[in-house]
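**Q** Below are the structure tokens for one structure; questions will follow.
The values are calculated or read from the model by the stated rules, or taken from the named source; none is laboratory data. Predicted model only: the values in this text are computed from it and were never measured. Cβ: placed from backbone, ideal geometry, glycine included. Neighbour counts: every protein chain shown.
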Amino acid sequence: MVKGYLKGMLVLLTGACVACGGGKSSKEESVHDSSLISIADSSNAIVQDSITAVADTLHVDAAKLIGKWIQPVAGLEKEMQGFHLRKNGSAASINMYTLVYEKWELMHDTLLLWNHSEGVRDTTTVVDTTLIKELTDTTLVLFPVKAAEGYTEKYRRIK
């Protein structure tokens with residue numbers, strides 16, 4: 001798709017150059033060297049889940065995720081925020097009034113959290129995708145897949 005776009009732009013620019021009188025004949029216009037353009041074709045890329053991509057994945061028991069998980073609000077360390085994961089797959093936000101969690105699902109070591117923003121024009125549902133790096137009875141460490149390498153979010157369980 002990108003290759004076609006670039007070829008189209010090249011033909012368009014060549015045509016504009018011919019139209020202004022500085023171009024070649026129409027026979028020469030259609031011949032161009034695209035050997036300098038190197039674009040990888042990702043249209044057939046295979047997406048693997050994290051269990052097959054990484055050998056040292058964490059085995060996660062979904063029952064251990066059920067409960068309320070909180071972390072300090074950035075810049076307001078005495079304030080807490082988080083989410084409540086329920087047995088039936090529903091989820092709720094804790095102290096986050098504009099970010100509303102709807103449901104959750106566990107796939108191997110990946111926690112999916114469906115949410116939407118409340119009070120804004122665009123209420124599109126978003127799925128937060130996070131890898132579970134650590135899970136104990138009291139601690140949950142997540143790595144959002146779109147985050148910078150090494151970034152983690154740490155939560156603690158509350159009753």
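**Q** Do we have L85 as at pLDDT 95 or above and in contact with a Leu (Cβ under 9 Å, 6 or more places away or on another chain) here?
**A** For L85, the condition - at pLDDT 95 or above and in contact with a Leu (Cβ under 9 Å, 6 or more places away or on another chain) - is met.
**Q** Please work out if K78 is surrounded by fewer than 16 Cβ atoms within 10 Å (Cβ to Cβ) and at pLDDT below 95.
**A** Values: surrounded by fewer than 16 Cβ atoms within 10 Å (Cβ to Cβ): yes; at pLDDT below 95: yes.
Answer is yes for this residue.
**Q** Next up: Of all residues in the range 100-122, which are among the hydroxyl-bearing types (S, T, Y) and under 23 Å from K133 (Cα atoms)?
**A** Residues satisfying the conditions are Y101, T110.
**Q** If you don't mind, there's one more thing I want to ask. Among residues belonging to the range 133-159 that are of a type in the set (V, I, T) and either at positive phi or not in a strand (DSSP E or B) (or both), point out the one that is surrounded by the most Cβ atoms within 10 Å (Cβ to Cβ).
**A** The selected residue is T152.
**Q** Would you check if there is a residue in the range 104-127 being over 17 Å from H59 (Cα atoms) and touching a Gly at 6+ places or on another chain (Cβ under 9 Å)?
**A** yes
**Q** G23 is checked against (1) modelled with pLDDT under 90; (2) surrounded by 14 or more Cβ atoms within 10 Å (Cβ to Cβ); (3) within 23 Å of V145 (Cα to Cα) and fails just one. What number does that condition carry?
**A** Single failed check for G23: (3).
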